[in-house]
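Single-structure report; data block below.
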């Protein structure tokens with residue numbers, strides 16, 4: 001299957017700072033990427049759908065000014081958590097694929113964010 | 001939006017027994033239903049999927065059934081092994097996005 005990478009795999013930051021997470025599709029072009037958040041012992045919650053060359057579509061309840069998504073190329077989407085707070089600590093997972101005519105989504109390995 | 005319900009939340013079986021996890025969905029437009037296995041701290045791994053034009057699909061010890069009329073689909077694992085222990089998530093696709101169930105923690109005891 002296709003390969004999706006994320007960087008960093010884990011990050012610790014101080015409250016009030018910003019953190020950028022990268023999601024890359026390594027061997028295919030992804031017009032659509034998805035960002036999920038997963039709290040301990042909970043399910044994956046879709047945060048936003050990232051479309052190459054256009055604005056992301058955010059799910060209800062997700063602050064677009066706090067979670068900035070940029071999908072500037074067909075292989076890279078970034079999620080920036082701005083003014084991070086301890087409650088933003090979570091496992092952030094991206095996926096790629098699942099666009100028109102392509103059902104399967106390929107998940108990245110996830111990024112563990114801890115805000116102190 | 002789509003609502004996916006998954007049961008049970010925990011399941012304990014003895015090695016060699018079968019395990020069944022059930023999901024229901026609300027949006028009749030959903031057309032793709034994958035199942036994922038997730039181990040602690042790792043990414044979800046697709047184990048089997050089914051599209052809305054198919055009623056059943058099998059891959060070795062794993063099978064999925066779909067009842068579109070009733071809007072439910074199930075995962076069946078036969079001859080369970082300890083390495084099957086993990087959290088399993090069902091999902092339903094509406095548009096391009098996947099909506100996940102809350103997960104089932106499966107424990108297979110030797």
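The values are calculated or read from the model by the stated rules, or taken from the named source; none is laboratory data. This structure is a prediction, so every number in the text was calculated from the model and none was measured. Every residue, glycine among them, receives a Cβ derived from its backbone with ideal geometry; neighbour counts consider all protein chains shown.
If only one of A:73, A:15, A:9 is surrounded by fewer than 17 Cβ atoms within 10 Å (Cβ to Cβ), touching a helix residue (DSSP H, G or I) at 6+ places or on another chain (Cβ under 8 Å) and either at pLDDT 95 or above or away from every other protein chain (no Cβ under 14 Å) (or both), which one is it? Answer to the selection: A:15. Being more than 25 Å from residue A:91 (Cβ to Cβ), touching a strand residue (DSSP E or B) at 6+ places or on another chain (Cβ under 9 Å) and in a strand (DSSP E or B) is true of residue B:22. Can you name every residue in the range B:56-110 that is at pLDDT below 95 and touching a helix residue (DSSP H, G or I) at 6+ places or on another chain (Cβ under 6 Å)? Passing the criteria: only B:110. Scanning the range A:76-94 for residues that are within 19 Å of residue A:57 (Cα to Cα) and either modelled with pLDDT under 95 or more than 8 Å from chain B (Cβ to nearest Cβ) (or both) yields A:76, A:77, A:78, A:79, A:80, A:81, A:82, A:92, A:94. The set of residues from the range A:31-42 being more than 9 Å from the chain's Cα centre (by Cα) and either more than 8 Å from chain B (Cβ to nearest Cβ) or surrounded by fewer than 20 Cβ atoms within 10 Å (Cβ to Cβ) (or both) comprises A:31, A:38, A:39, A:40, A:41, A:42. Considering (1) under 26 Å from residue B:101 (Cβ atoms); (2) modelled with pLDDT of 95 or more, the lone condition that residue A:105 does not fulfil carries the number (2). Of all the residues in the range B:66-108, those that are touching a strand residue (DSSP E or B) at 6+ places or on another chain (Cβ under 6 Å) and farther than 15 Å from residue B:20 by Cα number 11. Of everything in the range B:34-47 that is touching a strand residue (DSSP E or B) at 6+ places or on another chain (Cβ under 7 Å) and at the interface with another protein chain (Cβ under 10 Å from one of its Cβ atoms), the residue that is surrounded by the most Cβ atoms within 10 Å (Cβ to Cβ) is B:44. Would a scan of the range A:34-46 turn up a residue that is modelled with pLDDT under 90 and not in a loop (DSSP other than H, G, I, E, B)? Scanning the range A:34-46 turns up no residue that is modelled with pLDDT under 90 and not in a loop (DSSP other than H, G, I, E, B). Here is the figure for the range B:41-75: residues that are closer than 18 Å to residue B:100 by Cβ and free of Cβ contacts under 8 Å to residues at least 12 places away in the same chain total 4. Among residues of the range B:72-106 being surrounded by fewer than 16 Cβ atoms within 10 Å (Cβ to Cβ) and away from chain A (no Cβ under 14 Å), the one that is farthest from residue B:16 (Cα to Cα) is B:83. Within 14 Å of residue A:103 (Cα to Cα), at pLDDT below 95, within 14 Å of chain A (Cβ to nearest Cβ) and assigned to a loop (DSSP other than H, G, I, E, B): does that describe residue B:53? Yes. Checking the range A:20-30 against the condition returns no match, with no residue being touching a strand residue (DSSP E or B) at 6+ places or on another chain (Cβ under 7 Å), surrounded by fewer than 18 Cβ atoms within 10 Å (Cβ to Cβ) and within 11 Å of another protein chain (Cβ to nearest Cβ).
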